[in-house]
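Below is one structure, written out as structure tokens, with a few remarks after it.
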Amino acid sequence: MAKAKKVTFSMLEKHVDDIPMREFVIEDGVALQVKHVLGFKEAMDFVRAASEECFDKNGNYMPEVVEFIIRMNTLIYYAGLPAPTNYEKAYRAVMLWDGYEELMDYINSEQYDGLTAAIYARIAYIRNTVIQTKTSQVNEIIMRLNDALGVTDAGDGGSGDE
């Protein structure tokens with residue numbers, strides 16, 4: 001019996017086509033080149049960008065922008081659109097463009113669903129990190145106030161009338 005060869009990622013790579021692209025016509029003479037799947041780095045960048053843009057500069061979560069941010073980053077990463085400079089103007093185009101659903105039909109749904117799940121997981125992670133940081137800061141302030149006031153045990157439940 002002949003010894004079986006070990007399968008490697010290099011061997012699998014030979015059996016995978018290049019990332020397919022599809023021309024998506026917007027209007028006469030204007031078309032997008034849409035990727036069926038994202039490569040590894042693009043997928044990571046997509047998740048990072050979409051999740052981080054759901055927070056303002058102070059770290060506050062903005063759930064009202066999540067759908068817009070995911071759609072916008074889908075157009076940036078899968079369709080190669082440049083990032084908008086004015087989100088207010090882009091919002092209307094991104095949310096109301098009637099070709100979005102047709103474009104989504106071409107994108108690999110298995111990868112996309114996994115990436116959107118990763119975006120929500122990363123949002124939860126960032127939110128928890130912000131909460132932990134703020135809790136630590138409040139606890140530090142309480143500890144310093146207690147030290148300044150000479151309080152040795154804030155939770156002793158005593159009346160202080162001993």
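The values are calculated or read from the model by the stated rules, or taken from the named source; none is laboratory data. Keep in mind the model is a prediction, meaning the values are calculated, not measured. Cβ sites come from the backbone with ideal geometry, for glycine too, and all protein chains shown count toward neighbours.
Okay, here's what the table says:
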item	result
Filter result for the condition that a residue is of a type outside the set (D, E, K, R), loosely packed, with under 10 Cβ neighbours inside 10 Å and not in a loop (DSSP other than H, G, I, E, B), over Ala148, Ala93, Ala118, Ala124	Ala148
From Leu81, Leu103, residue being within 16 Å of Val37 (Cα to Cα), among the hydrophobic types (A, V, I, L, M, F, W, C), touching a residue at least 40 places away in the same chain (Cβ under 8 Å) and in contact with a Ser or Thr (Cβ under 9 Å, 6 or more places away or on another chain)	Leu103
Candidate set: segment 23-41, residues that are among the charged types (D, E, K, R) and loosely packed, with under 15 Cβ neighbours inside 10 Å; chosen: the one modelled with the highest pLDDT	Lys41
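Residue-by-condition table, conditions (1) at negative phi; (2) buried (at least 16 other Cβ atoms within 10 Å of the Cβ); (3) within 13 Å of the chain's Cα centre (by Cα):
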{"position": "Lys57", "(1), (2), (3)": "yes, no, no"}
{"position": "Pro63", "(1), (2), (3)": "yes, no, yes"}
{"position": "Asn73", "(1), (2), (3)": "yes, yes, yes"}
{"position": "Glu88", "(1), (2), (3)": "yes, no, no"}
